[in-house]
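Colleague: Questions regarding the structure given below will be posed in turn.
Every number in this text was worked out from the coordinates using simple rules, so none of it is lab data. In this text the structure is predicted, and so the values were computed from the model without any measurement. Here the Cβ positions follow ideal geometry from the backbone for every residue, glycine too, while neighbour counts run over all protein chains shown.
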Amino acid sequence: NSEKPYLISFPKIGAASLGFISIAEKENLPFVPKRIYWTYATPQEVERGNHSHKELEQLLIAVAGKISIKTESLSGEKEDFVLDSPNMGLYLPKRHWRTITYSENAVQLCIASMEYNEDDYIREYNDFK
Ligand code: TYD
């Protein structure tokens, strides 16, 4: 699959004096969401992810803190992304290996295209390649 990860800038409504609201809806989402989950309190030394998906597409948002994501495509293309603005999202296509680290206060929201299914995971890097 030739789809590549890319950053999405969501609308940011408000002002520094008022606070902000950002919106993800049909017009600016790359897929129809089926599941939403969030991760938090990840120690800084912990690397999460370390897997790929057969069919799942995901959108990651750092609603708080800073998240560093390394991706690798099936063809071996590697990219580094940093999420540190709550109005930014990273689209992750299927068949991309990812490793993710978090700042101490980071909260990662994940919007997913499918319900949870362990059979969709590829957890061995050698199986991924
Ligand atoms: P996993 O996707 O491996 O987390 P990460 O990539 O952030 O390290 O999920 C961790 C555990 O949580 C694993 O045992 C499966 C479980 N889990 C669910 O039961 N449902 C879900 O929707 C998700 C995302 C995970």
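Colleague: Being outside any loop (DSSP other than H, G, I, E, B) and within 16 Å of Lys4 (Cα to Cα) is the requirement here; does Asp119 meet it?
Modeller: no
Colleague: Restricting to segment 115-129, count the residues that are within 19 Å of Phe31 (Cβ to Cβ) and of a type in the set (Phe, Trp, Tyr).
Modeller: The number of residues fulfilling the criteria is 2.
Colleague: For segment 75-91, what are the residues that are on the phi < 0 side of the Ramachandran plot and surrounded by fewer than 12 Cβ atoms within 10 Å (Cβ to Cβ)?
Modeller: Start the filter on segment 75-91 by keeping residues that are on the phi < 0 side of the Ramachandran plot, which leaves 75, 77-91.
If the condition is that a residue be on the phi < 0 side of the Ramachandran plot and surrounded by fewer than 12 Cβ atoms within 10 Å (Cβ to Cβ), then Ser75, Glu77, Lys78, Asp80 are the ones that fit.
Colleague: Moving on. Restricting attention to segment 44-91, report how many residues are under 17 Å from Asn126 (Cα atoms), out of contact with any His (no Cβ under 9 Å at 6 or more places or on another chain), away from the ligand (no atom under 14 Å from the Cβ) and part of a strand (DSSP E or B).
Modeller: 1
Colleague: Is it fair to say Arg98 is farther than 17 Å from Ile8 by Cα and in contact with a Phe, Trp or Tyr (Cβ under 9 Å, 6 or more places away or on another chain)?
Modeller: When the stated conditions are applied, Arg98 does not pass them.
Colleague: Restricting to segment 92-114, and then to whatever is under 16 Å from Pro30 (Cα atoms) and within 10 Å of the ligand (Cβ to nearest atom), can you tell me which residue is surrounded by the most Cβ atoms within 10 Å (Cβ to Cβ)?
Modeller: If we take residues in segment 92-114 being under 16 Å from Pro30 (Cα atoms) and within 10 Å of the ligand (Cβ to nearest atom), then Ala112 is surrounded by the most Cβ atoms within 10 Å (Cβ to Cβ).
Colleague: To continue, here is another question. With the requirement that a residue be away from the ligand (no atom under 15 Å from the Cβ), in contact (Cβ under 8 Å) with a residue 12 or more places away in the chain and in a loop (DSSP other than H, G, I, E, B), what does segment 1-43 give you? Walk me through how you get there before you give the answer.
Modeller: Within segment 1-43, the first condition is being away from the ligand (no atom under 15 Å from the Cβ), and the residues that meet it are 1-32.
When the remaining residues are screened for being in contact (Cβ under 8 Å) with a residue 12 or more places away in the chain, the result is 1, 3-12, 20, 22-24, 28-32.
Asn1, Glu3, Lys4, Pro5, Phe10, Pro11, Ile23, Ala24, Leu29, Pro30, Phe31, Val32 - these are the residues of segment 1-43 that are away from the ligand (no atom under 15 Å from the Cβ), in contact (Cβ under 8 Å) with a residue 12 or more places away in the chain and in a loop (DSSP other than H, G, I, E, B).
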